[in-house]
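Participant: Sharing a structure, written as structure tokens. Questions coming.
Read-outs: derived from the displayed coordinates by stated rules, not from any lab. Predicted model, so just to flag it, every value in this text is computed and none were measured. Glycine gets a Cβ as well: all are built from the backbone with ideal geometry, and neighbour counts include every protein chain shown.
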Amino acid sequence: MSCHITRRVQDHLALAEIELCGELMIAASASVEERLSPDRIDEVLKVGGKPPGRRGRRIAPRGD
């Protein structure tokens with residue numbers, strides 16, 4: 001029975017998700033704003049910027 005419990009605890013993806021949620025909750029509770037801005041969320045989660053492969057690209061307007 002302890003083997004099943006150990007496997008559940010070692011689910012690294014679930015633990016990482018719980019940690020990220022915790023970081024967001026801490027940031028939200030420390031914020032003076034009603035909501036966290038998208039930039040602040042990216043900062044807390046250590047993500048952001050443009051998606052890879054799209055930097056510097058622009059979509060040309062269609063000439064209908």
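Participant: Can you pull the one-decimal nm distance between simple spin-label points at L24 and H12, each 7 Å off the Cα toward Cβ?
Facilitator: Using points 7 Å along Cα→Cβ, the separation is 2.2 nm.
Participant: Here is a follow-up. With θ set to phi - 60° and the Karplus curve 6.51 cos²θ - 1.76 cosθ + 1.60, what are the ³J(HN,Hα) couplings of segment 13-22 in order, to the nearest whole Hz, using x for Gly and Pro?
Facilitator: 5, 5, 5, 5, 5, 4, 5, 5, 4, x
Participant: Let me ask you something else. Note down the net charge around A27, summing +1 for each Lys or Arg and -1 for each Asp or Glu among other residues with Cβ under 10 Å from its Cβ. It would help to have the intermediate numbers written out before the result.
Facilitator: Details: positive: R40; negative: E23, E43.
Charge balance near A27 sits at -1.
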